[in-house]
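The next block holds one structure in the form of structure tokens; read it before the comments.
No lab work stands behind these numbers, since they all come straight from the coordinates. The structure displayed is predicted, hence computed values, not measured ones.
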Amino acid sequence: MSDILIRSMTAADWTPVESIYREGIDTGNATFETDPPTWQVFDARKLALGRLVAENAAGAVIGWVAASPVSSRKVYRGVVEHSVYVANQAQGARRGCRTPRLVPPSCRRRRGMDGAIEHLSG
């Protein structure tokens, strides 16, 4: 994975993130959504902490990861649903398999995500 740069997602990344999201929707396997949300809706639904994009050596965004709370109920605090999307052109290289491990450990501990992420990626 040395040819891949992982960095925080910003609003400026929305065009490629939305395109990759649409590719996932088109497969029929990624989500129940029928269209990507607007940036404003995405931004409101996803946790700011741990939103990441993957860039190839040419600087193109080829994947993203973000998490959203499962519930606002206190008993579910720290439980998240995570989304991992890899562009069609970048699939097949097993790049998405390691993405949950890329969430910084400080974020996982702070949000109570350690157990879930280790379970998903282990």
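Mind checking the full-extension length gain between residue 74 and residue 43? Use 0.36 nm per residue of separation minus the Cα-Cα distance, one decimal, nm. Could you put the intermediate results ahead of the total?
Details: separation 31, 0.36 × 31 = 11.16 nm, distance 2.18 nm.
9.0 nm is the gain from fully extending residue 74 to residue 43.
3J(HN,Hα) along the stretch 73-78: 5, 4, 4, 9, 4, x Hz, from the Karplus curve 6.51 cos²θ - 1.76 cosθ + 1.60 with θ = phi - 60°, whole Hz, x for Gly and Pro. As an equivalent ellipsoid, the stretch 40-95 spans semi-axes of 27, 12, 8 angstrom, where each value is the square root of five times an eigenvalue of the C-alpha gyration tensor, largest first.
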